[in-house]
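Asker: Sharing a structure here in structure tokens format.
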Amino acid sequence: MTFQIQNPIQEKIKSGSINAFVFDLDGVLIESISGIVASTNYSLRSLSLPEREQSEIVRYIGCPLPNMFAEFAPGVDYAKIRPLFREKAMETIVPGSNLLPHARQTLQRFKGAGHKAAIGSTKIRAHIDGIMQKFSLGPLIDAIVGGDEAAAKPAPDIFLLAVERMGASVESTLVIGDTINDIQAAREAGMSVVTIESGFGDREALAKNPSDYHFSDLRQFANFALDNPAINQSSAEKLAPEKQQLID
């Protein structure tokens with residue numbers, strides 16, 4: 001007995017009506033936890049505030065920084081925090097970033113299939129460009145939008161600008177994210193959205209407001225999107241249960 005996934009997203013990719021993809025960065029293609037933690041705690045130390053554990057900080061990855069510091073530094077004007085964070089981030093974010101498993105291969109597969117791919121991230125453009133250069137991902141990406149170029153997620157602006165820069169349309173684009181902010185931004189933009197398991201962000205909110213499909217990793221998503229294979233039961237259970245169809 002196997003499980004076959006039959007759904008509009010696969011059909012639209014197969015038919016070509018979805019042919020552009022916007023990837024979030026942290027938690028989807030790369031992880032930069034060490035740099036984010038270092039920059040956060042440097043900012044707090046500089047303000048004579050207590051440092052935070054990594055487990056506390058990762059809940060805010062993918063969120064606008066003012067949201068995090070509203071909890072970690074209550075009453076402190078974010079205008080005082082921002083230059084401190086950026087000072088340390090310029091030293092740590094790119095050097096501390098690591099490419100996640102299957103990231104390069106996934107982008108290569110989408111490129112080889114003739115699809116357009118963009119980055120839509122809350123990271124500032126300078127950091128994204130540095131990461132693209134570090135891992136030589138530039139030839140695989142058609143457009144980039146950073147958090148300093150458009151209103152931050154969960155506003156839809158980053159994804160909408162990515163669609164515009166790719167020369168695509170909202171209807172022909174799928175968002176690949178990992179947090180509730182990605183889901184909300186995509187929904188507000190009128191775009192389909194899937195998520196990759198990362199452990200970042202507010203996991204309770206993600207469970208209450210799921211994406212169209214949730215995948216364990218990029219390879220599972222790429223197989224789903226490009227190969228449209230029959231998948232085994234253990235893999236199928238990682239997808240949204242209401243989307244599953246049992247095939248004898």
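Asker: Just to be sure, is Pro64 assigned by TED's automatic domain parsing to the domain that holds Ser136 and either among the aromatic types (Phe, Trp, Tyr) or in contact (Cβ under 8 Å) with a residue 60 or more places away in the chain (or both)?
Answerer: No: the conditions fail for Pro64.
Asker: Ala151 - would you say it is of a type in the set (A, V, I, L, M), over 15 Å from the mean Cα position of the chain (by Cα) and closer than 19 Å to Ile61 by Cα?
Answerer: Judged against the criteria, Ala151 is a match.
Asker: Which of the residues spanning the range 121-143 are in a helix (DSSP H, G or I) and of a type in the set (Gly, Ala, Ser)?
Answerer: First, pick out the residues of the range 121-143 that are in a helix (DSSP H, G or I): 125-134, 138-140.
Correct list: Ala126, Gly130, Gly138.
Asker: Filter the range 102-151 down to the residues that are in contact (Cβ under 8 Å) with a residue 40 or more places away in the chain and hydroxyl-bearing (Ser, Thr, Tyr) and list them by number.
Answerer: If the condition is that a residue be in contact (Cβ under 8 Å) with a residue 40 or more places away in the chain and hydroxyl-bearing (Ser, Thr, Tyr), then Thr106, Ser121, Thr122 are the ones that fit.
The values are calculated or read from the model by the stated rules, or taken from the named source; none is laboratory data. Predicted, not measured: the structure shown is a model, and the values here were computed from it. Methodologically, a virtual Cβ is constructed for each residue, glycine included, from the backbone with ideal geometry; neighbour enumeration extends over all protein chains shown.
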